[in-house]
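Written below as structure tokens is the structure these notes are about.
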Amino acid sequence: MNLHEYQGKELLKSFGVKIQEGIVAHTAEEAVAAAIQMKELYNSGWVVVKAQVHAGGRGKGGGVKLAKSPEQAGEITQAMIGMQLVTPQTSAEGKLVRKVLVAQDVFYPGANEPKEFYISILTDRGRGGNVIVYSPDGGMDIEKVAEETPERVHTEFIDPLLGLRPFQAQKVAFAFGLSGQAFKEMVDFVQRLYAAFLGSDAAMFEINPCLKTSDDKIIAVDAKVTLDDNALYRHKDLEAMRDTDEEDPSDVEAQALDLNYVKLDGNVGCMVNGAGLAMATMDLIQLSGGEPANFLDVGGTADAQRVENAMRFILKDKNVKAILINIFGGIVRCDRVAQGVVDAYKKIGDIPVPVIVRLQGTNADIAKKIIDESGLKVMGAVEFQEAADLVSKVLAS
């Protein structure tokens with residue numbers, strides 16, 4: 001689950017990580033009031049207005065602008081709210097901006113020059129632990145840095161048994177060329193950031209830029225946070241931050257129906273039980289000349305209602321030219337799946353695409369009888385290859 005910048009910063013702040021403060025605004029009037037409040041708090045009339053969407057590279061798309069007065073903050077917000085923000089990380093259609101963050105200006109003058117760094121934390125599945133990725137060259141062009149000067153991007157693997165060691169946080173500060181108070185601040189920042197990563201069961205933190213201010217403070221100017229969906233049951237407060245407006249509507253609906261669904265760009269809808277069988281089925285479709293239109297796992301306890309819901313869901317995709325139902329009845333009973341297919345036909349009415357059903361396992365014989373006696377135009381298969389041949393046949397016709 002992705003968080004907005006302001007939500008990610010709230011999470012970091014709760015673990016003692018220093019952040020660029022800000023106030024969320026949904027209208028130009030709210031932005032003006034927020035800018036006035038920021039001026040009173042931080043004695044600066046300048047603020048930064050940031051579009052709040054689930055995408056990086058907002059600055060390149062015009063989603064981050066400096067305002068030198070509350071009135072200008074309102075004008076910028078007025079222009080941003082309702083715009084389709086296109087960034088290197090969005091589709092061509094972009095993301096609709098519904099709110100902005102009016103943030104403090106942290107690039108204030110002082111004894112030293114401000115400096116931007118890059119820090120992220122994620123899981124290295126190959127090594128079975130978390131890793132800190134960091135670079136002294138933070139900012140909007142971090143992708144260019146990684147591509148052209150990869151030696152400027154460093155990694156620090158964290159032993160899952162030992163956790164983050166103090167010397168590892170110090171290595172980050174040394175790599176950034178820091179000393180004195182800024183060095184101490186960075187060591188503390190990295191340690192608190194890692195504690196936040198573990199404490200929130202995050203999948204990824206990306207702080208870009210992580211800023212050394214002109215008075216040697218270390219703060220998170222941006223925060224891209226992705227949480228592990230499988231751990232949200234332990235964090236109801238974080239789960240409440242979910243913004244369904246930023247998600248694909250089909251994903252939101254699938255979750256409401258308790259379906260494990262991922263939309264793809266192909267022409268053959270899949271309904272399968274079990275992730276492994278689902279992956280094998282998508283391979284089968286590909287080898288048969290088709291392209292999977294989705295990953296859809298109805299789960300090990302699928303009943304007739306869930307199968308019907310899955311059928312309706314698949315049929316909403318206008319690119320689907322055929323549906324392959326491939327069920328192995330271990331826990332789930334094949335006769336329940338067969339009944340769900342029949343019920344779906346009766347309730348939905350005319351299903352405009354061919355349906356291929358392969359049922360193996362518990363009560364497969366009963367399931368075959370249900371399908372055969374239904375009088376429906378359903379093509380049955382017993383073997384995997386047989387299902388593949390039927391997919392090829394219907395796509396060719």
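Every number here is computed from the coordinates shown, using simple stated rules; none is lab data. Remember, predicted model here, so these are calculated numbers, not experimental data. Neighbour counts run over all protein chains shown; Cβ positions are idealised from the backbone, glycine included.
Backbone geometry of the stretch 190-205 corresponds, through the Karplus equation with coefficients 6.51, -1.76 and 1.60 at θ = phi - 60°, to 3J(HN,Hα) couplings of 5, 5, 5, 5, 5, 4, 5, 4, 5, x, 9, 6, 7, 9, 7, 10 Hz, x marking Gly and Pro. Label-to-label distance for Asp389 and Ala275 is 3.4 nm, based on points extended 7 Å past Cα in the beta-carbon direction. Derived from the Cα gyration tensor, the three semi-axes of the equivalent ellipsoid of the chain are 50, 25, 18 Å, largest first.
If only the Cβ of Lys and Arg carry +1 and only the Cβ of Asp and Glu carry -1, the dipole of the chain around its Cα centre is close to 180 debye.
Rounded, prolate or oblate: pick one for the stretch 249-396, where a ≥ b ≥ c are the square roots of the eigenvalues of its C-alpha gyration tensor, a/c under 1.5 means rounded, and failing that, prolate if a/b is larger than b/c, else oblate. Cα axes put the stretch 249-396 in the rounded bin.
Run the numbers for Arg98 and Ala175: contour at 0.36 nm per residue of separation, minus the present Cα-Cα distance, in nm.
On the way: separation 77, 0.36 × 77 = 27.72 nm, distance 3.86 nm.
Gain in length upon complete extension: 23.9 nm.
Cα centroids of the stretch 1-65 and the stretch 94-144: how far apart, whole angstrom? Going from one Cα centre to the other spans 14 Å.
Going by neighbour counts of Cβ atoms within 10 Å, the residues His4, His54 line up, fewest first, as His54, His4.
When Ser69, Ser14 are arranged by Cβ crowding within 10 Å, least crowded first, meaning fewest neighbours, the order is Ser14, Ser69. Ellipticity at 222 nm from helices only: DSSP H runs of n ≥ 4 in the chain, each -39500 (n - 2.57), divided by the residue count, give -11500 deg cm²/dmol.
Could you tell me which of rounded, prolate or oblate describes the stretch 33-150, using a ≥ b ≥ c as the square roots of the eigenvalues of the alpha-carbon gyration tensor, with rounded for a/c under 1.5 and, failing that, prolate when a/b is larger than b/c and oblate otherwise? It comes out oblate by the Cα gyration axes. Which entries of Lys13/Lys99; Lys95/Lys346; Lys347/Lys369; Lys263/Lys377; Lys321/Lys369; Lys39/Lys184 show an alpha-carbon separation above 32 angstrom in the structure shown? Pairs exceeding the cut-off: Lys95/Lys346. Each of Cys210, Cys334 was scored by other Cβ atoms within 10 Å of its Cβ. Arranged with the fewest first, they read Cys334, Cys210. Label positions at Lys369 and Arg165, each projected 7 Å from the Cα along the C-beta direction, are separated by 6.7 nm. With the simple model of a label 7 Å out from the Cα in the direction of the Cβ, Lys236 to Glu253 spans 3.0 nm.
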